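Engineer: There's a structure below that I have some questions on.
The values are calculated or read from the model by the stated rules, or taken from the named source; none is laboratory data. On a predicted model such as this, the values are computed, not experimentally measured, just so you know. In this analysis, Cβ positions are derived from the backbone assuming ideal geometry, glycine residues included, and neighbour counts consider all displayed protein chains.
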């Protein structure tokens, strides 16, 4: 009896400790982070496979078919191969810059995943400056490119790194101006609020209809930021061998490879969040009045539907990006910079001014 | 199964209005704590990936030709740390001007009705000054012929 009473007293005392709750809260943050990282990894595997299959379809050949059913484990096979390749550091290359360059590219992209809402309110951290975090962190990527180019001690790599950095920073301004126009419309920088502002009229509430020029500028700018064709110059095989990636081998090259697809995925996710009302069921209000409530409730089933819808919309832009890559020819560096500075920048600035005036006159 | 709805609820922490210093700090921490942890975890992920080849490495398989710079099969000609075109530097400087312009536009664009037309028009004056600068740069050909 005495033992029972003291045990019960101990348990009561333990549960009343404040610090226990804080430790529990911190542990509870790890679970979403690990799920997000796992989700991102699986998505990258899926995108690599998608790219191979879609390019095979466009070129009328069969894509990967040996690794796993329909070749779905192709990316895993590639990654494992790269893991066992020799990890060279070029002679007289700067070891620290050379090693950290690819990691910086990957890290800056991975952090941006924390502000994307995959379902209603299903976001790792609902910052009030959500979209601005992405813009700010994606400005770190050119530093990684410059570090890789300079640290390789190779003239071609250096030139490739300079060109890649020039391209990246040139297209950041139109990108940011488009995002600014969207935040003007939704009166908030938080991604959850931007998605909410598009949830009212179903399909017709998308920001795509309110910002058509911004949408097109955003599409072009994000292809240029991700260094996908037609803006592929940093890794143009005929001109610069592999640009800033020339001297890389093994898992560091794998990091660049993964960073490219991560960048593509996050840009496509942002297109859905900013322009397509990602995770809202976009069927107009007239036809399905009971679905209208689903946009704003919690619950496991609703969240899964939200995630599915976001991924379906993202897949559309992934498909468009991959098809564009295998269809259009490459731009020259001066055409590229001219497009960024002399065409997209004035258009996105004009779009911003138009949006401002429409907001002013409707007040 | 009862825990699952709670699990999905955790993802968004509904922040109460900040009334005291402690609640303000709590709100900020609850928004940024996941990102700080996420930053540490992503750092770990990429650094562990970098460190993975070390058990499989061997010192004896490198020789000078393998480690030298790649120049399409020839021996590297001259030093790689040579001069580069000034236009890359110019592009960076010309980026620095519109970048804070856009950053300063963010606080202007977001508040819904709190700035009257006076606020909008004063921002227009700022953008006008920078646009005049951009036009000058265009006409002088600073971003030409790379």
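Engineer: Does residue B:39 qualify as being more than 9 Å from chain A (Cβ to nearest Cβ) and modelled with pLDDT of 85 or more? Explain how you work it out, then say what you get.
Structural biologist: Details: more than 9 Å from chain A (Cβ to nearest Cβ): no; modelled with pLDDT of 85 or more: yes.
Here the answer is no, as residue B:39 does not meet what is asked.
Engineer: Let me ask something else about it. Among (1) closer than 21 Å to residue A:318 by Cβ; (2) within 13 Å of another protein chain (Cβ to nearest Cβ); (3) surrounded by fewer than 23 Cβ atoms within 10 Å (Cβ to Cβ), which single condition is residue A:228 missing?
Structural biologist: (2)
Engineer: While we're looking at this one, here's another question. Residue A:87 fails exactly one of the following numbered conditions: (1) part of a helix (DSSP H, G or I); (2) at the interface with chain B (Cβ under 10 Å from one of its Cβ atoms). What is the number of that condition?
Structural biologist: Looking at each condition in turn, residue A:87 falls short on (1).
Engineer: When only residues in the stretch B:42-62 that are assigned to a loop (DSSP other than H, G, I, E, B) and modelled with pLDDT of 75 or more count, which is nearest to residue A:154 (Cα to Cα)? Give the steps one after another, and end with the answer.
Structural biologist: First, the residues of the stretch B:42-62 that are assigned to a loop (DSSP other than H, G, I, E, B): B:52-53, B:57-58, B:62.
Remaining after also requiring modelled with pLDDT of 75 or more: B:52-53.
Values: B:52: 25, B:53: 23 Å.
Ranking the candidates gives B:53 first.
Engineer: Does residue A:191 fit the bill of being under 25 Å from residue B:27 (Cα atoms) and touching a residue at least 12 places away in the same chain (Cβ under 8 Å)? Give the steps one after another, and end with the answer.
Structural biologist: Numbers: under 25 Å from residue B:27 (Cα atoms): yes; touching a residue at least 12 places away in the same chain (Cβ under 8 Å): yes.
Yes, satisfied.
Engineer: Are there any pairs with C-beta distances below 6 angstrom linking a residue in the stretch B:124-138 that is within 13 Å of chain A (Cβ to nearest Cβ) to a residue that is surrounded by 11 or more Cβ atoms within 10 Å (Cβ to Cβ) and assigned to a helix (DSSP H, G or I), with the two at least 6 apart or on different chains, and if so which?
Structural biologist: If the second residue must be surrounded by 11 or more Cβ atoms within 10 Å (Cβ to Cβ) and assigned to a helix (DSSP H, G or I), the pairs left are B:130/B:101.
Engineer: Right, another one. Considering each of A:152, A:170, A:188, A:199 in turn, give the residue that is modelled with pLDDT of 90 or more and either assigned by the TED database to the domain that holds residue A:348 or in contact with a strand residue (DSSP E or B) (Cβ under 6 Å, 6 or more places away or on another chain) (or both). Let's see the steps before the verdict.
Structural biologist: Values: A:152 fails: modelled with pLDDT of 90 or more; A:188 fails: modelled with pLDDT of 90 or more; A:199 fails: modelled with pLDDT of 90 or more.
Within the list A:152, A:170, A:188, A:199, the selection yields A:170.
Engineer: Here is a list: A:96, A:61. Which entry is surrounded by fewer than 18 Cβ atoms within 10 Å (Cβ to Cβ), more than 8 Å from chain B (Cβ to nearest Cβ) and not in a helix (DSSP H, G or I)?
Structural biologist: Numbers: A:96 fails: not in a helix (DSSP H, G or I).
None of the others qualify; the one that does is A:61.
Engineer: Now a separate question. Which one is nearest to the other protein chains (Cβ to nearest Cβ), of the residues in the stretch A:177-192 that are surrounded by fewer than 23 Cβ atoms within 10 Å (Cβ to Cβ) and farther than 23 Å from residue A:114 by Cβ?
Structural biologist: A:184
Engineer: Taking residue A:52, is it part of a loop (DSSP other than H, G, I, E, B), surrounded by fewer than 21 Cβ atoms within 10 Å (Cβ to Cβ) and modelled with pLDDT of 90 or more? Break it down into steps so the answer makes sense when it comes.
Structural biologist: Working: part of a loop (DSSP other than H, G, I, E, B): no; surrounded by fewer than 21 Cβ atoms within 10 Å (Cβ to Cβ): yes; modelled with pLDDT of 90 or more: yes.
For residue A:52, the condition - part of a loop (DSSP other than H, G, I, E, B), surrounded by fewer than 21 Cβ atoms within 10 Å (Cβ to Cβ) and modelled with pLDDT of 90 or more - is not met.
Engineer: I would also like to ask the following. For the stretch A:114-127, state whether one or more residues are within 23 Å of residue A:301 (Cα to Cα), assigned to a helix (DSSP H, G or I) and facing chain B (nearest Cβ under 8 Å). Reasoning before the result, please.
Structural biologist: At the first step, the residues of the stretch A:114-127 found to be within 23 Å of residue A:301 (Cα to Cα) are A:114-126.
Checking the rest, the ones that are also assigned to a helix (DSSP H, G or I) come to A:114-115.
Keeping just the survivors that are facing chain B (nearest Cβ under 8 Å) gives A:114.
Yes, the stretch A:114-127 contains a residue that is within 23 Å of residue A:301 (Cα to Cα), assigned to a helix (DSSP H, G or I) and facing chain B (nearest Cβ under 8 Å).
Engineer: Criterion first (in contact (Cβ under 8 Å) with a residue 12 or more places away in the chain, assigned by the TED database to the domain that holds residue A:228 and closer than 25 Å to residue A:115 by Cβ) does residue A:314 satisfy it?
Structural biologist: yes
Engineer: List the number of the failed condition for residue A:104; all other conditions in (1) under 28 Å from residue A:334 (Cβ atoms); (2) modelled with pLDDT under 90 hold.
Structural biologist: The one condition residue A:104 does not meet is (2).
Engineer: Report whether or not residue A:326 is surrounded by 21 or more Cβ atoms within 10 Å (Cβ to Cβ) and either under 27 Å from residue A:160 (Cβ atoms) or outside the structural domain of residue A:203 (by the TED database) (or both).
Structural biologist: When the stated conditions are applied, residue A:326 does not pass them.
Engineer: Which residue is surrounded by the fewest Cβ atoms within 10 Å (Cβ to Cβ), if the candidates are limited to the stretch A:133-170 and must be in a loop (DSSP other than H, G, I, E, B) and touching a residue at least 40 places away in the same chain (Cβ under 8 Å)?
Structural biologist: Residues of the stretch A:133-170 in a loop (DSSP other than H, G, I, E, B): A:139-140, A:152-154.
Still in the running and touching a residue at least 40 places away in the same chain (Cβ under 8 Å): A:152-154.
On the way: A:152: 28, A:153: 22, A:154: 24.
Only one residue fits best here, namely A:153.
Engineer: If we keep just the residues of the stretch A:329-349 that are surrounded by fewer than 14 Cβ atoms within 10 Å (Cβ to Cβ) and in contact (Cβ under 8 Å) with a residue 60 or more places away in the chain, which is nearest to the other protein chains (Cβ to nearest Cβ)?
Structural biologist: Filtering the stretch A:329-349 for residues that are surrounded by fewer than 14 Cβ atoms within 10 Å (Cβ to Cβ) and in contact (Cβ under 8 Å) with a residue 60 or more places away in the chain, the one nearest to the other protein chains (Cβ to nearest Cβ) comes out as A:332.
Engineer: Filter the stretch A:144-176 for residues that are at the interface with another protein chain (Cβ under 7 Å from one of its Cβ atoms) and under 18 Å from the mean Cα position of the chain (by Cα); which is nearest to residue A:336 (Cα to Cα)?
Structural biologist: Among residues in the stretch A:144-176 that are at the interface with another protein chain (Cβ under 7 Å from one of its Cβ atoms) and under 18 Å from the mean Cα position of the chain (by Cα), the one nearest to residue A:336 (Cα to Cα) is A:169.
Engineer: If you go through the stretch B:64-84 one residue at a time, how many are at pLDDT 70 or above, surrounded by fewer than 15 Cβ atoms within 10 Å (Cβ to Cβ) and at the interface with chain A (Cβ under 8 Å from one of its Cβ atoms)?
Structural biologist: 5
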